[in-house]
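For reference, the structure discussed in these notes is given below.
Each value in this text was obtained by applying a stated rule to the coordinates, not by laboratory testing. Model, not experiment: these values are computed from the prediction. In this analysis, Cβ positions are derived from the backbone assuming ideal geometry, glycine residues included, and neighbour counts consider all displayed protein chains.
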Amino acid sequence: MARQGGPDLSQLLARERRARLAAERLLELKSRELFAANRKLALQARALSQEVSSQREKFETEFSRAEALSGENTQVRQDLQRVSLQADRAERRLWEALETIQDGFAVFNPRDQLIIANKAYLKIFSGKAEIRPGVTYPELVALMAENGIVDLGFEEPGNWRARMVSRWETERIEPVVLKFSDGRYMKMIDRRTPDGDMVKLALEITDTIRYEEQLMEERARAEGANRAKSAFLANMSHEIRTPMNGIVGMAELLSEAELNDDQRLYAETIKGSGEALLAIINDVLDFSKIEADKLTLHTAPFDLERAIHGVLLLLRPGADAKGLDLMFDYDPTLPTRFSGDEGRMRQVLTNLLGNAVKFTLSGHVLIRVDALPGSQVDGMLTLRISVEDTGIGIPEDKLDHIFGEFNQVEMARDRRFEGTGLGLAITHRLVSMMGGDISVWSKPNEGSRFTVNLPLPVVASSSPKTERAPPTIRRALVVDNQQVNRMILERQLSMLGLDVTLARDGTEALGWPVGSHDVILVDYQMQDMDGIALAGVLRRRGETAPVFMLSTAPSSIEKPAREAGVTALLQKPLLRRDLFARLEALGGRLEPLAPEDEPALPAARAPAVPTGEQMKVLAAEDNRTNRLVLKKMLQPLDIDLRFAEDGRAAVTAFEQFRPDLILMDISMPELDGRAATRQIRAREGALGLDPVTICALTAHAMTNDEEDILACGMDRYLTKPVKRDALWSIIAEAAPPGARPIPAEPQP
Ligand code: ADP
């Protein structure tokens with residue numbers, strides 16, 4: 001081929017070769033690139049596939065975890081369902097329970113809005129539409145007040161609302177009882193919970209209130225009946241006392257008349273039985289008075305030691321008859337004058353000492369008075385008075401009952417002892433009224449001890465003086481079988497500054513040489529050698545010291561004592577005041593009782609011709625028997641005695657007779673004793689006369705009689721049955737100067 005106008009073939013071939021080469025190189029390059037890309041792809045594919053597989057794995061674990069979780073979830077959901085079922089059931093139960101109870105239950109939130117309430121609570125508001133959740137407590141209270149749901153009584157509604165609302169504001173809310181108009185009663189109890197809710201309970205207490213009302217009515221009825229009973233008893237005992245006056249008074253007079261032994265026995269039995277009956281009546285009367293709240297205490301200064309002594313003297317004959325020792329131990333450091341009701345005090349002592357004597361068959365009865373340690377404050381002293389005996393005692397299981405009324409420990413056991421079973425009940429109440437207390441210790445067959453602790457005001461200047469025996473008397477010998485008595489005397493004598501020697505009996509006393517003592521105190525009743533025999537021996541040995549003999553009945557041994565050379569007879573139990581007076585009287589005079597020291601004859605029986613005017617006594621008494629009793633009782637007295645048969649006659653007799661003393665009965669026809677006294681006092685005033693002494697004779701012993709009687713112008717009073725001794729001493733006191741003498745008490 002020619003190279004005609006165009007490139008030659010070689011060029012073409014070269015070009016082609018070059019192009020081929022270039023293409024080959026490109027191909028190679030591309031194929032290398034491809035390869036590299038391929039490899040990269042392969043790598044990427046691998047990585048991808050790895051990632052995929054790891055993702056899958058991850059997915060699979062996630063999936064299985066999700067599956068597990070979903071299982072768990074189901075469990076939880078089931079549990080939740082179960083629990084919520086249980087909670088539902090519990091709540092239902094609670095509500096059912098709250099709905100079943102008849103009491104109202106409600107809860108208010110801290111803003112005092114009602115959140116829940118049971119039917120019983122809602123019923124209070126009788127279905128008012130306003131009562132729904134959200135209503136506030138003050139709204140609720142207002143609704144109750146305004147709709148007449150509650151019975152406000154006389155309270156003003158506004159006031160009631162304010163009271164109820166302010167109740168809720170207190171720290172500890174006091175329950176309140178509401179009366180509803182339908183007659184029901186509810187007790188509202190409200191409590192705040194720690195998070196501020198208010199829980200409210202409305203308790204239905206209608207039955208309880210009704211029952212209480214019923215009880216109160218019954219109690220009032222019973223009290224009324226009891227008061228009526230007491231008034232009846234008091235009246236009866238008054239009615240009984242009047243005729244008893246005749247019985248006891250006449251029997252007393254009869255037993256002193258000239259009688260044969262049988263007759264005397266009859267008279268004394270009537271008197272004894274009459275007095276016993278009176279004692280019972282007095283107990284019943286006192287008890288009725290206490291029950292009816294009609295007993296008042298009359299406080300005045302009195303001497304306690306003397307009062308006890310008086311009671312002991314009264315009980316003496318009974319104790320002597322049984323051979324009991326009656327002992328009295330009054331702490332010599334104590335004052336003796338106190339302010340109190342002496343009569344009631346004596347009654348307490350008589351009951352306790354009387355019981356001690358009654359329930360003791362052998363041994364002793366001891367009354368001891370001291371003060372509770374440290375009890376003296378502001379002029380008050382708490383006394384401890386204990387009455388102790390060696391009697392039959394009281395079984396332990398009965399001790400609690402003996403202060404109750406009509407309680408004799410055991411009927412069978414006590415049938416042999418008389419008594420109403422009222423004594424201790426009265427004693428207990430009297431002691432309480434006086435502000436004290438009484439307790440008892442006892443052991444069967446060993447004895448009993450009754451202890452009264454009683455605070456009493458000390459009467460100023462009654463503190464014991466530091467009394468000293470006269471200087472000539474320094475050494476004392478006490479001879480007594482009884483250890484307690486020796487101890488009491490030792491204390492009393494030591495207080496007076498004496499050196500005291502004790503001897504248990506005559507033999508021991510005689511062991512001392514003559515002249516060892518300045519005074520000798522001898523008990524009369526001793527076992528080996530009685531007091532009189534001992535005194536005789538002492539005198540025969542040449543003993544010149546005064547010998548005091550202590551006896552329970554001094555008058556009965558006067559003659560032998562005098563003969564044995566006894567200096568003085570002292571009444572047992574001994575008052576330390578008397579002991580001191582005796583020692584002081586001795587001073588230096590040591591001579592024994594002179595045989596010519598005969599007691600004077602009673603004035604009324606004195607054979608001498610009386611001088612002076614007769615005292616004039618007017619007795620106003622409507623009861624014939626009682627006039628007779630008075631007449632007989634006063635017969636031995638040298639007085640001019642006249643009678644008036646009623647109050648009017650008494651006023652007339654007063655004007656004509658001008659008596660020195662009027663004995664005035666209280667219940668009389670026409671004009672009673674009070675009215676008659678008022679008229680007499682008026683006349684005295686009008687005529688400018690000195691007031692005559694008027695003494696009431698009364699069987700009344702009810703309701704503040706004493707004040708009543710004294711208020712109408714009388715000066716004194718005696719309760720019936722009148723005792724001769726008391727009457728005589730009143731007459732003796734009222735006798736005008738210069739009148740013929742009146743003995744203050746009958747002479748033996
Ligand atoms: P009573 O009138 O029977 O004496 P009280 O009320 O005085 O009534 O006494 C009640 C009872 O307590 C007596 O019946 C007796 O059983 C018992 N009692 C009281 N004091 C004593 C005492 N000192 N020793 C034994 N028992 C006593």
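Taking the alpha-carbon centroid of each part, what is the distance from segment 27-74 to segment 134-181 in angstrom? Here the answer is 81 Å between Cα centres.
Here is the size of segment 259-382 from its Cα atoms: Rg then Dmax, 17.8, 61 Å.
In the chain, Cα pairs under 8 Å separated by at least six residues give a relative contact order of 7 percent. Relative to the longest principal axis of the Cα atoms of the chain, the long axis of helix 673-687 lies at roughly 70 degrees.
Residue by residue, segment 26-41 carries 3J(HN,Hα) couplings of 4, 4, 4, 4, 5, 5, 5, 4, 4, 4, 4, 5, 4, 4, 4, 4 Hz when phi is fed to the Karplus relation 6.51 cos²θ - 1.76 cosθ + 1.60 (θ = phi - 60°); x denotes Gly or Pro.
Helix-derived [θ] at 222 nm for the chain: sum -39500 (n - 2.57) over DSSP H runs of at least 4, divide by residue count, nearest 500?
Rounded to the nearest 500, it is -16000 deg cm²/dmol.
Between 0 and 90 degrees, rounded to the nearest ten: what's the tilt of helix 157-167 against the longest Cα principal axis of the chain? Roughly 70 degrees, rounded to the nearest 10. Note on segment 26-153: dipole from Cβ charges, positive end direction compared against Gln75, Ile115, Ser64; the farthest Cα belongs to Ser64. Among Val387, Val484, Val479, Val176, the ranking by other beta carbons within 10 Å of each residue's beta carbon, starting with the fewest, stands as Val176, Val484, Val387, Val479.
If you restrict to DSSP beta bridges whose two residues both lie in the chain, what percentage is antiparallel, to the nearest 5?
Working: 51 of 94 bridges.
In the chain, approximately 55 percent of DSSP beta bridges are antiparallel ones.
Per-residue 3J(HN,Hα) values for segment 96-101, derived from phi via the Karplus relation 6.51 cos²θ - 1.76 cosθ + 1.60 with θ = phi - 60°, read 4, 4, 5, 6, 6, 5 Hz in sequence order (x marks Gly and Pro).
Net charge near Lys179, counting Lys/Arg +1 and Asp/Glu -1 over other residues with Cβ under 15 Å of its Cβ? Intermediate results must be reported in sequence, preceding the final value.
Values: positive: Arg163, Arg184, Lys187, Arg210; negative: Asp151, Glu155, Asp182, Glu204, Asp207, Glu212, Glu213.
Around Lys179, the surrounding residues sum to -3.
The magnitude of the dipole of segment 74-228, with charges of +1 and -1 set on the Cβ of Lys/Arg and Asp/Glu and taken from the Cα centre, is near 380 debye.
Would you mind ranking Asp329, Asp725, Asp505 by Cβ crowding within 10 Å, fewest neighbours first?
Asp725, Asp505, Asp329
Taking a straight Cα-Cα cut-off under 15 Å and skipping sequence neighbours fewer than 8 places away in the same chain, the aspartates and glutamates within cross-link reach of Lys398 are Glu410, Asp414.
In a DSSP loop and with at most 10 other Cβ atoms within 10 Å, the GluC sites (Glu not before Pro) in segment 172-276 are Glu258.
A cut-off of 5 Å between modelled amide H atoms, ignoring neighbours fewer than 5 places along the same chain, links Gln525 with Gly531. If you wrap the Cα atoms of segment 77-215 in a convex hull and average its projected area over all directions, you get 10.5 nm². Our coupling estimate for segment 423-440, obtained by passing each phi through the Karplus curve with A = 6.51, B = -1.76, C = 1.60 and θ = phi - 60°, is x, 6, 4, 5, 4, 4, 5, 5, 4, 5, 4, 7, x, x, 9, 10, 9, 9 Hz, Gly and Pro reported as x. For Thr472, no residue 5 or more places off, or on another chain, has a built amide H under 5 Å of its own.
Taking the longest Cα principal axis of the chain as reference, the axis of helix 531-540 is set at about 60 degrees. Sorted from greatest to least, the principal axis extents spanned by the alpha carbons of the chain come out as 227, 77, 54 Å. Protection proxy ranking, highest mean first, for peptides 188-198, 549-559: 549-559, 188-198, where packing is the per-residue count of other beta-carbon atoms within 10 Å, averaged. Amide H contacts of Met664: Ala620, Cys695, Ala696, Leu697, each under 5 Å away and 5 or more positions distant or on a separate chain (H built 1.01 Å from N in the peptide plane; Pro and chain starts excluded). Take the chain and mark each of the chymotrypsin sites (Phe, Trp or Tyr not before Pro) that is in a DSSP loop with at most 15 other Cβ atoms within 10 Å; the longest unmarked stretch, sites excluded, is 418-748.
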